[in-house]
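See structure below.
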Amino acid sequence: MTAAAVAAALALVVTGCAPALREPPPVSTLAPGRSGAGGAAELVRAADTAWVRRADSRAAEEAQALYLDAAATDEQRVDGLLGAMRAMAFRIEREREAPVRARLAQEQVQLGQWCQRRAPSEAACDYRLAIALGQQARERASTGKDALGKMVELLRKAIAAAPQLDSGGPHRVLALVLLRAPGWPVGPGDPEAALGEARAAAELFPDAPENQLALAEALGKNGSSDAARVAYQRALDLATAAREAGDPEADRWRAEASAGLERHTGR
């Protein structure tokens with residue numbers, strides 16, 4: 001989940017009053033059913049192949065469809081659900097049409113609920129549902145207040161069970177939530193606690209650009225401008241290397257790092 005997505009969602013927290021979770025429809029109603037008669041494992045392999053090409057929006061959509069069909073084919077597995085949620089999160093950040101983003105965000109939350117039901121102890125389900133709730137709150141402001149507490153709870157569960165997910169993602173996303181959320185008594189916002197989470201993510205995966213971005217922001221919010229500048233520069237260097245390697249997220253990371261450097265250097 002991008003920092004911008006977290007910020008946009010949390011800016012709406014104090015005004016929302018609708019429930020973030022509702023009874024989800026069957027997974028089969030969300031799956032397109034265009035993938036033929038292949039088994040779930042075969043569909044997941046095909047989806048993984050399409051996901052590698054996700055810089056092409058058509059490939060990202062294809063991966064999502066294949067993951068969904070896999071999830072509908074075998075109701076015991078969660079890899080299709082998790083893959084579809086990851087693809088939806090990726091597409092939401094690039095989709096220009098608000099109704100499409102809102103639909104994808106809602107469906108992503110529904111898949112997260114099914115993921116938890118199929119595998120209650122699977123930390124990846126908690127992590128992906130937390131991200132989905134944040135994106136849904138951005139697209140549907142009225143769910144923001146209810147979503148915030150659920151996001152924090154889900155991320156803490158994921159940290160306790162599998163902090164290494166998504167290159168330290170549970171720590172990283174929780175850091176952003178704590179940085180951007182309103183503070184007590186309205187919300188759980190806590191810049192000092194956020195710095196601890198950001199440091200934990202960076203210690204686990206120091207070469208992940210997103211971890212350095214979260215660390216830099218947390219350092220800045222805690223008054224450590226020089227250290228923030230160092231972290232932003234490292235994030236920029238890592239993002240540049242990622243772009244050279246063909247990572248489709250690299251340009252976003254570079255933009256965030258460059259903006260952070262400008263804020264902390266006055267350039």
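Where a number appears in this text, it was derived from the coordinates with a stated rule and is not lab data. As the structure is a computational prediction, the values presented were derived from the model and not from experiment. All Cβ positions, even for glycine, are placed from backbone atoms using ideal geometry, and neighbour counts span all protein chains on display.
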For the chain, longest principal axis from Cα atoms; helix 123-139 axis from its Cα atoms; angle between them, nearest 10 degrees, is 80 degrees
Cysteines in the chain that, by Cβ-Cβ distance, have no pairing candidate under 4.7 Å:
C17
Work out the charge dipole of the chain with +1 on the Cβ of Lys and Arg and -1 on the Cβ of Asp and Glu about the Cα centre, then indicate which of S224, A161, A18 is farthest towards its positive end.
A18
Give me the Debye-computed log₁₀ of I(q)/I(0) at q = 0.10, 0.15 Å⁻¹ for the range 163-267, equal point scatterers on Cα only, no solvent, two decimals.
-0.26, -0.57
Tell me, what HN-Hα J-couplings in whole Hz come from the Karplus equation 6.51 cos²θ - 1.76 cosθ + 1.60 at θ = phi - 60° for each residue of the range 239-244, using x for Gly and Pro?
5, 5, 5, 5, 5, 5
Quickly rank 179-190, 104-115 as a protection proxy: mean count of other C-beta atoms within 10 Å, highest first.
104-115, 179-190
Can you compute 3J(HN,Hα) from phi for each residue in the range 42-53, using the Karplus curve 6.51 cos²θ - 1.76 cosθ + 1.60 with θ = phi - 60°, rounded to whole Hz and x for Gly and Pro?
5, 5, 5, 4, 5, 5, 4, 5, 5, 4, 4, 9
Expected sort for 202-210, 82-90 on mean C-beta neighbours within 10 Å, highest first, is 82-90, 202-210
Options (1) 7, 25, 28, 19, 11, 6, 4, 1; (2) 8, 29, 36, 21, 5, 1; (3) 6, 23, 31, 24, 12, 2, 0 are given for P(r) over Cα pairs in 10 Å bins from 0, in percent, and the computed one is (2)
In degrees from 0 to 90, rounded to the nearest 10, what is the angle of the helix 250-265 Cα long axis to the longest principal axis of the chain?
20 degrees
In whole Hz, what ³J(HN,Hα) sequence does the range 223-234 give by Karplus (6.51, -1.76, 1.60; θ = phi - 60°), x for Gly and Pro?
x, 9, 5, 5, 5, 4, 4, 4, 5, 5, 5, 5
